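The values are calculated or read from the model by the stated rules, or taken from the named source; none is laboratory data. Remember, it's a predicted structure, so these values are computed and weren't measured experimentally. A quick note on method: Cβ atoms are made from the backbone with ideal geometry, for glycine too, and the neighbour counts reach across all protein chains shown. Note: accessible area is taken over every heavy atom of the protein model, side chains too, but ligands, DNA and RNA are not part of it. Shrake-Rupley method; radii C 1.70, N 1.55, O 1.52, S 1.80 Å.
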Amino acid sequence: MVKQWGRSIGYLAAVGISAPVAMPLFMLLPMSGIALIVAGLGFVLFPIVIMTIRLWTDVHRQLVGWVLGTPVPPQYRPLTGGVLDRVRQVVTDQTTWRDLAWLFVNMILGFAFGMLGMILSAFAVFSTFLLFFWWVMPADEPARIMDIAITDVGRAIVIGAPTAVLGLALAWFGVPALAKAHANISKMLLSPSKLAERVEQLTETRAGAVNAHDAELRRIERDLHDGTQARLVSIAMRLGVAEKSLDEKDPVSSLVREAREGAEQAMGELRDVIRTMYPPILTDRGLDGALAALGARCPVPTVVETEDLGRVPAPVEAAAYFVVAEALTNIAKHSHATGASVRVTRDECLRITVSDNGFGGVDETRGTGILGMRRRVAALDGTVAVDSPMGGPTVISVEFPCAL
């Protein structure tokens, strides 16, 4: 209990002293935002202010966990990309707004709770001191409690003792109560909401399910390619040899020929199924090579531009391939275009832009494949934007998060 009381008084002292110090930090935020817009100075000042606020709130999260006995972990998203990308990520991060809300509330409550804790502690010390050391005060300026002078032992016991007991009780029970109340308010503001935690949990669960599903599809693709397809090839070759060894007039010859043709047809259908599950070209040539092959096969002359994409998660890689394949198929069938382009870039997201110089006027309700793209991309928390005015051009922009 003594240890908990010590933590409580230390916590209240820390928040009481630090709350006024945070006011300049809070005021610097809008100033840095204005500087960012007006003069460009905010490119330096704004990140510094934000990181200082994050450091400040992280320290207080540790203090809250120290008092309550339960840690309050930060939930910041990792910052990637250039300065503008980082600023956008910070502004759209809900944890940033929780930090700012706590900073504003703590400037008022932190000072009030801290000072009240100091007052209770000082009152307990002062009343106890007067109970035992009233006699050290000068005779012409005696100690007073509620304007009653303490000049002898009788008054010290009758008046000082109850006051000291009251002061000690208020400090003993009041200081931990104040510390826990402020810590709980801070925890409520600094902790992610239950909904945010649930969304984060579902996002991680879905990402795991998508990765597991992709790994299973790749396993099935390998089994079909190396097992079932190889056996069909072997059967077709043996039937071909048997067909050549038989006389054409033999009625068995026609049956063998039909069986061979059926095996070859089954092989073709199996290859189509394998391609729709996980294109083998992604394993052989990677995403940039697979997209280059799509562009080369497209009936409409297509320019494919890809930068160094690095290691792209397999679910994103497969979805990107199918999205570009569907987009180029739509261009060839519906756009009447004479040229198309595919551009792929990557920072914290994989960005794909497919454009053509066709007639435009894409109608998503008429089976142009855009709806299928949206569903495939949405399964990975991506976005699809279509800009297709009448007369063209048509531009399809797709973004995939790469942190799966």
Between Glu305 and residues 5 or more places away or on another chain, the pairs with built amide H atoms under 5 Å apart involve Val342, Arg343, Val344
Given backbone amide H placed at 1.01 Å from N, residues whose amide H is under 5 Å from that of Gly339, ignoring those fewer than 5 places away on the same chain, are Asn357
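Which net charge results when you count Lys and Arg as +1 and Asp and Glu as -1 among the other residues whose beta-carbon is under 11 Å from that of Arg351?
-2
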So, with points 7 Å from each Cα along the Cβ direction, the Asp223-Leu168 label distance in nm works out to 7.6
A chain fully extended from Arg238 to Asp250 at 0.36 nm per residue, minus the present Cα-Cα distance, gains in nm 2.6 nm
Here, GluC sites (Glu not before Pro) of segment 282-345 satisfying both criteria (DSSP loop; at most 13 other Cβ within 10 Å) are Glu307
Applied in sequence order to segment 169-177, the curve 6.51 cos²θ - 1.76 cosθ + 1.60 (Karplus, θ = phi - 60°) yields integer Hz couplings, x standing for Gly and Pro, of 5, 4, 5, 5, 9, x, 4, x, 5
Applied in sequence order to segment 303-311, the curve 6.51 cos²θ - 1.76 cosθ + 1.60 (Karplus, θ = phi - 60°) yields integer Hz couplings, x standing for Gly and Pro, of 9, 10, 10, 9, 8, 5, 8, x, 8
Expressed in angstrom and ordered largest first, the alpha-carbon extents of segment 245-404 along the principal axes are 64, 37, 27
Descending accessible area (1.4 Å probe), largest on the left, turns Met390, Met51, Met267 into Met390, Met51, Met267
Contact order relative to length for segment 305-404, counting C-alpha pairs under 8 Å separated by 6 or more residues, stands in percent at 30
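In the neighborhood of Val304, defined by Cβ-to-Cβ distances under 12 Å, what is the net charge if each Lys or Arg adds +1 and each Asp or Glu adds -1? Walk me through the numbers on the way to the answer.
Values: positive: Arg297, Arg343; negative: Asp288, Glu305, Glu307.
Spelling it out: positives minus negatives among the neighbours equals -1.
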Measure of exposure for Ile220: accessible area at 1.4 Å probe, Å² rounded to 10, is 60
Taking every C-alpha to C-alpha distance in segment 292-385 and binning by 10 Å from 0, the per-bin percentages run 15, 50, 31, 4
